[in-house]
Amino acid sequence: PLGAEQTIDNASLNVEWLLGEYTLSGLLGYSDYDYDASVNISGLAETFYYGTNYEEYEQTSAELRLASPLGETLEWIVGVYYHDGTLKTDQPNTFNPSEFFGIFLGLPEQLVREQVLGGLPPVTELGGAILDQDTELLSPFLSVTWNVSDALRLTAGVRYSDEDKDYDRDSATPGSQVYLDNPDGSLGPGLGFAILNANGAAVGKTSGSLSSSNTMPEAMVEWDVGDDIMLFARYAESAKSGGVATAGSTAASGLIYDDETATSYEIGMKGRFLDGMAELNVVAFTTEYDDLQIKSSSVGDSGIETVIGNAGKATSEGIEVDGRIALTDWMTPVSYTHLTLPTII
């Protein structure tokens, strides 16, 4: 049936041990999702030719943290995070000859399938990509806070990430095979010709490995001007690893995209007013991106080609304001404003 359906499962277990004044925390996580979608690509109201997208993802993760006692001059957290995940995608196009001939002959689909075509099942084209990808990530981190005084705090931290991806990818090429469906939904024997390659791009079978490592520091200062107002400033670096295109109509030149990195600056105020009945938070921010990951589509020799590429640079800056006030014991309106001015070079 046309439309989309997604199922998501998440589970986590958090365990803490008190080791004297120190706290050892362990966090286990599991997540998976299944996504199915089908759209009509026949160009007509009838759906005898449709494109589908099947995607499955599964991830397990573990994090171990050791935290120092609170209230000391120096407070710290040290830990390590690990996860592994598997991604599988398939993007076939399907042509239903029974429905096609039934529409144009004006006969019921079942009659055409049984009497005219002799039970011929729907024909499936490798119109998109079949991708199998395994990901493994290891990320140690450290954060230290120096309580200079009761009103002034300095925090510095660093996170290192090392990520590896292994992938196998099949994608349609001009002249690729058209297949029959097996009863279990897998691809059956090839027919040896291609009549439906509307979106096929010259990619073919590709496999390989990607490695990514990044060091991401962070620094923040917090100053309690009074009992109810705190000023802060923050500097941070972050990164998003590169990967392999999942879109089926991606040419070989756009198959791999690189890491994206960002540098962020924030300055702001958090305050309580009217004897704690009201709160007001204001922050101004700027984020500078290098190799920003952008998805785009263009028309090439083999049809529409969808790629994920890296832009040169981008800047996003703005002001964020949120607040709340208790008008009565049972009503607390909340206001939120977010203004962002993006620039991409």
When Thr60 is evaluated against the numbered criteria (1) within 22 Å of Ile130 (Cβ to Cβ); (2) in contact with an Asp or Glu (Cβ under 8 Å, 6 or more places away or on another chain), which criterion, by number, is the only one it fails? (1)
Within the stretch 23-41, residues being among the hydroxyl-bearing types (Ser, Thr, Tyr) and more than 24 Å from Asp134 (Cβ to Cβ) number 3
Residue count for the stretch 1-33, restricted to those that are out of contact with any Ser or Thr (no Cβ under 9 Å at 6 or more places or on another chain) and either in a loop (DSSP other than H, G, I, E, B) or touching a residue at least 60 places away in the same chain (Cβ under 8 Å) (or both): 1
Among the residues of the stretch 57-98, write down those that are under 26 Å from Val244 (Cα atoms) and open to solvent by 70 Å² or more (accessible area, probe 1.4 Å). Glu58, Tyr82, Lys88
So, in the stretch 121-146, how many residues would count as being surrounded by fewer than 17 Cβ atoms within 10 Å (Cβ to Cβ), within 30 Å of Asn214 (Cβ to Cβ) and at pLDDT below 95? 1
Can you find a residue in the stretch 236-249 that is touching a Phe, Trp or Tyr at 6+ places or on another chain (Cβ under 9 Å) and at pLDDT 95 or above? yes
Select from the stretch 34-56 the residues that are assigned to a strand (DSSP E or B) and open to solvent by 60 Å² or more (accessible area, probe 1.4 Å) and write down the one among them that is farthest from Gly20 (Cα to Cα). Val39
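The values are calculated or read from the model by the stated rules, or taken from the named source; none is laboratory data. Small disclaimer: the values here were computed from a predicted structure and weren't measured. Don't worry about glycine lacking a Cβ; one is built from the backbone with ideal geometry, like all the others, and counts go over all protein chains shown. With ligands, DNA and RNA removed, areas are computed over all heavy atoms of the protein, side chains included. Shrake-Rupley method; radii C 1.70, N 1.55, O 1.52, S 1.80 Å.
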